[in-house]
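The values are calculated or read from the model by the stated rules, or taken from the named source; none is laboratory data. Everything numeric in this text was worked out from a predicted model, so none of it was measured. Glycine gets a Cβ as well: all are built from the backbone with ideal geometry, and neighbour counts include every protein chain shown.
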Amino acid sequence: MSPTSRRYALAPKASLSLLMLLQLLASPRASGQDASFSQGHWNRLWLNPALAGLEVCPRFYSGYRNQMPSVPGSFISYFASADMMAASTGTGFGLSLASDQPQVGVFSQNSLDLSLSQRVRLSDEASLSLGLQNSLRQRVLDFGNMLLPSMIDPNSGPMHHLGPEGSRSRTYWDMGAGVSAHGPRWLVGASAQNIREAYPFGERNPSTRMQRKLTLHAAGELRVWPGRFGAPSVYLAPSALWQRQGDHRRLSAGGLARYQVLRLGGFLNLFPASGARTATAVLGFHTDWFTFAYSYDWGVGQEAGQTRNAHELSFGMKFECFERKSKRTHVPCPAFMRQ
């Protein structure tokens, strides 16, 4: 090997670390973070494994989120789940699939999660649930999609890619846990996910470590219009969400109004680490058997513009219970969490 070629040769591990570091600097989301959803109040298994089987009867939920579509390298997230409860024992079961794919980028991830919960009735108006989650996760590094800021034309988008052909993929196991309590018109909970804080690619490189995610959430519902002259009542469900994953923190607060099948609301989202602020508008339609919702995020204040925008769609279906009769009675699911 000539002195010139030796000068530019990199060991495999050093080359890999450099490529990952460069892509992290160009990516709008750190590689060790999970996907984030605006409609978390309906995306229960993403929010907290203790919510598996909250409505007792079988339920299917799916979601799609296009995060910052105008920014090359941003992520598109997909989510699908099903959950139910064995009414006779109070044991909930949930199965979810998630995929987080960059429009252009190196890192992508997929996961298969199994959630189990056990509900204990505290009184006629309150229940406590404990949940565990086992996750099979896949992380993929596709070097052929390497993209750096210098390769992005502000008018036409990505110009070309850098990086060798091929990819690396690794599948590993992780776990989560949660607790929640609810009554007919309120719900509170806490959860921890990515408890193992695994290094998906073996090397103890902080840039690829899956950071532990902590979540606190609370919501309630009150009647703001009693309904007169035959008109239905109007309900308001204020809610708050706090999440922390590594240096990333998120605080969301807002509410949803419920009028017959219509759901309409908004949230303010604060990200203390970066100082960013976004607002979310939500419009949904809920019937006895299916739901559909759309939400739109946009930057506010100094974050105004296209770089913080996101679109999110969700669809859910509810099915009849397998167990027609059960001697065990359950505190009903809060109306604002139903699908």
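Tabulated values for the structure
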| item | result |
| --- | --- |
| In the stretch 265-286, the residues that are touching a Ser or Thr at 6+ places or on another chain (Cβ under 7 Å), over 12 Å from residue 310 (Cβ atoms) and of a type in the set (Gly, Ala, Ser) | 266, 284 |
| Matching strands (runs of 3 or more DSSP E) fully within the stretch 217-302 where at least 1 residues are surrounded by 13 or more Cβ atoms within 10 Å (Cβ to Cβ) and in contact with a Phe, Trp or Tyr (Cβ under 6 Å, 6 or more places away or on another chain) | 234-245, 248-259, 276-286, 290-299 |
| Residue check for residue 274: over 23 Å from residue 334 (Cβ atoms) and among the hydroxyl-bearing types (Ser, Thr, Tyr) | yes |
| Residue within the stretch 243-255 that is touching a helix residue (DSSP H, G or I) at 6+ places or on another chain (Cβ under 8 Å), of a type in the set (Ser, Thr, Tyr) and under 21 Å from residue 190 (Cβ atoms) present | no |
| Any chance residue 12 is closer than 26 Å to residue 197 by Cα and modelled with pLDDT of 85 or more | no |
| The stretch 303-331, subset in a loop (DSSP other than H, G, I, E, B), modelled with pLDDT of 85 or more and touching an Asp or Glu at 6+ places or on another chain (Cβ under 9 Å), residue farthest from residue 186 (Cα to Cα) | 309 |
| Filter pass, residue 278 being of a type in the set (Ser, Thr, Tyr) and in contact with a Lys or Arg (Cβ under 6 Å, 6 or more places away or on another chain) | yes |
| Test: residue in the stretch 235-249 that is under 30 Å from residue 107 (Cα atoms), at pLDDT below 95 and among the aliphatic types (A, V, I, L, M) | no |
| Residues located in the stretch 68-90, provided they are among the hydroxyl-bearing types (Ser, Thr, Tyr), surrounded by 15 or more Cβ atoms within 10 Å (Cβ to Cβ) and modelled with pLDDT of 85 or more | 77, 78, 81 |
| Unique match (being within 27 Å of the chain's Cα centre (by Cα), modelled with pLDDT under 65 and surrounded by 16 or more Cβ atoms within 10 Å (Cβ to Cβ)) among 146, 151 | 146 |
